[in-house]
Amino acid sequence: MKSELPKVLFPVCGKPMLEYVLDALEDAGVDEIVVVVGYRSDLVKETIKPRASVKFAEQRELLGTGHAVASCREYLEEFDGPVFIVAGDNPMLQSSSVARLFEEYEKSDEDVSCILGTVYKDNPFGMGRILRDEQGAFIGVVEEKDATDEQRQIKEINISYYVFNTRDLLDSLGSLRADNAQKEYYITDVPKILLDAGKKILALPVLKDVESLGVNTQDDLATVEAVLNARD
């Protein structure tokens, strides 16, 4: 975004991206939120308006999304129930989607360890694709750079909205490996780790079309702001 600001503080319609995420979570009834901060953490804490629901966890080394989740282990270990994980730079997060994923988790079998929220996108370039077996069951996520030509034709994508069984999530974090070009630990690897451990994983295409809109360029920003302005 050509800005020295942490990305989560970049303004969208004059409001930091992270505020949209926090608003959506609170509107969905989430009353305990942990924000993982790293780059310019003091600025993030100072900028975000005080909320009774929000606590902060420090990611002292920026070693990927999986490492970020591990950074709030002290909070997770005190909690027994489903936990929703989402990136802080997703201003199009919808409270109805958060509520729907929690509802799906609550009515699912007790052995479900993770639910991924997915959506279909006509032009999914650059996005992780959802892989399913012949019966339609989730078997993994493949990133664009690692996908075969056939896999790149898949239009169901991973937006990185997850509901995890907290105990299973904590157990799986120790199995994450940084065996990738970036030498980072990715939360996207956790569903496959759980699946390989015999756990049940569901990928549900219940998200809204607008939630596939990310903000990584000025053009993306213009598109998202146009959508938000049209709602006002």
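The values are calculated or read from the model by the stated rules, or taken from the named source; none is laboratory data. Keep in mind that this is a model prediction, so the values were computed, not measured. Heads up, the Cβs are rebuilt from the backbone with ideal geometry, glycines too, and the neighbour counts pull from every protein chain shown.
Below is a table of values for the structure above.
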item	result
Index of the failed condition, Asp189 passing every other in (1) surrounded by fewer than 18 Cβ atoms within 10 Å (Cβ to Cβ); (2) modelled with pLDDT under 95; (3) not small (Gly, Ala, Ser)	(1)
Residue within the stretch 154-167 that is assigned to a loop (DSSP other than H, G, I, E, B) and modelled with pLDDT of 95 or more present	yes
Residue in the stretch 143-155 that is within 28 Å of Ser96 (Cα to Cα), within 16 Å of the chain's Cα centre (by Cα) and aliphatic (A, V, I, L, M) present	no
Test: Leu43 is in a helix (DSSP H, G or I) and either within 22 Å of Val224 (Cα to Cα) or hydroxyl-bearing (Ser, Thr, Tyr) (or both)	no
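Yes/no matrix, rows are residues, columns are (1) touching a Lys or Arg at 6+ places or on another chain (Cβ under 9 Å); (2) within 22 Å of Glu61 (Cβ to Cβ):
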site	(1), (2)
Leu170	yes, yes
Ser175	no, yes
Gln182	no, yes
Asp189	yes, yes
Leu204	yes, no
